[in-house]
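What follows is a single structure, written as structure tokens, with notes after it.
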Amino acid sequence: MLIKRQPILTVILSLLLFSCVYYNQFQEQYSADLKNILYSAEAAAASLPIKFQNEDSPGNTRVINYTNATFFIEVSGRPDLSFRQICAVEAALSAHSGNPVIVYMTGYNGTSSHWMKASENLYIKKLNLDELFLNTHLEKVYRAKNFRTKPPVEHIADLSRIALLKKHGGLYLDIDMILMKSALDLGSFMLKNQGNGVLRFDKNSPLLAKIYQLLGNVKYNRGDYTLLGAKIIKKAVKELCYFNDSVSSIKKAGEICGINFVDNDLFSPVPWFEFKKLFTKNIDLNKFRTKITKKAVAFHFAGHMTKNIPVFKNASSLFNTVARKYCPVIYQSFPDVY
């Protein structure tokens, strides 16, 4: 019986040996490829002349001037940003040169990739949600049972941006907005559609106080995705500013509430139903070119809708055209498909 089993054992051992060798070769090649990708991104950022400063780092005691600060929020729990998100950060640093740009991240672990060390005006900050909402008017919503059990990241972001605006003021931008020119000249503002993807307030703004009050009193419903965002803001604007869609009413509402209601196209020049075309190869760019280059302040690429669409770096897509111009440093490090 032992003699008959030997060929079978030999075959099994051969297969196991082959598998181990193949796996090791795969791991070595994968590691090499990964190192090359990381090295190319880090090498490009390492060549930047400006030293990175981080308020969470020991020894940095600078006080942030939040009046002209721009901030982003990343609440997915990831310790790093995607290439597209980094592009938005670089563009903000360029458009608002000399002013603070802050990225709040729930997953930040104190160590960032070299590409996040690009400017003395860039701050990467750990966002501790428990501390942010502790002893505030919004804590009741944050502590609600159905909020604490895996709430949508959109709701965490909605609640956090208002808490941070109430604490510091400044300009909040969704992290899928690529700034093409300064938004600071617009004063305190929001979009006419009263969404919450772009908001600039002084921390003592009466309208911000109204939004904050209504938000803290809301009966939380996890299934209502706009509950903590557009719905609350629209309600606050209607109650405090007497807003309706007529031109005279919009102007009057702005005067009452001390805020400018700006055209939606300034920050979202491509309509939502055409977002996928942003990444399409060889499209007719002339359809959007004038609207984007002549009027828009920012280029909204709708990250939640387009994050799974691959982008080919060398394709003549609208996103590549914008990225090459407004985030040229990180664009050099983009992989062929990102």
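All of the numbers you see were taken from the coordinates with simple rules; none came from a lab. Values in this document were obtained by computation on a predicted structure and should not be read as measured data. Cβ atoms come from the backbone with ideal geometry, glycine included; neighbour counts cover every protein chain shown.
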>> At q = 0.20, 0.23 Å⁻¹, what log₁₀ I(q)/I(0) does the stretch 120-175 have when each alpha carbon counts as one equal point scatterer in the Debye sum?
In response: -0.80, -1.02
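What are the semi-axes of the equivalent ellipsoid for the stretch 135-273, taken as the square roots of 5 times the Cα gyration tensor eigenvalues, largest first, in whole Å? Present the calculation step by step, with values, prior to reporting the outcome.
Numbers: eigenvalues 118, 60, 43 Å².
That gives 24, 17, 15 Å for the three semi-axes.
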>> Tell me the Kirkwood radius of the stretch 206-261: reciprocal of the mean inverse pair distance over distinct alpha-carbon atoms, in Å.
In response: 11.8 Å
>> Roughly how far apart, in whole Å, are the Cα centres of the stretch 191-260 and the stretch 314-338?
In response: 35 Å
> Can you flag which of LYS276/LYS325; LYS166/LYS295; LYS125/LYS167 are past 24 Å Cα-Cα?
Replying inline: LYS166/LYS295
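Looking at the square roots a ≥ b ≥ c of the eigenvalues of the Cα gyration tensor of the stretch 70-216, which shape do they give, rounded for a/c under 1.5, prolate if a/b is larger than b/c, or oblate? Present the calculation step by step, with values, prior to reporting the outcome.
Numbers: a/c = 1.91, a/b = 1.20, b/c = 1.60.
It is oblate, given that a/c is not under 1.5 and a/b is not larger than b/c.
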>> Given N residues in the stretch 143-208, what is its alpha carbon radius of gyration divided by 2.2 N^0.38 Å?
In response: 1.24
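Relative contact order, percent, of the stretch 187-283 when contacts are C-alpha pairs under 8 Å separated by at least 6 residues? If you can, show how the numbers build up before the last one.
Working: 86 pairs, mean separation 32.3, N = 97.
Result for the stretch 187-283 is 33 percent.
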> Radius of gyration and Dmax for the stretch 181-222's Cα atoms, expressed in Å?
Replying inline: 12.5, 39
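For the pair ALA144 and SER249, what calculated FRET efficiency results from E = 1/(1 + (r/R0)^6), where r is the Cβ-Cβ distance and R0 = 30 Å, to the nearest 0.05? If you can, show how the numbers build up before the last one.
Working: r = 35 Å, r/R0 = 1.17.
E(calc), rounded to 0.05, equals 0.30.
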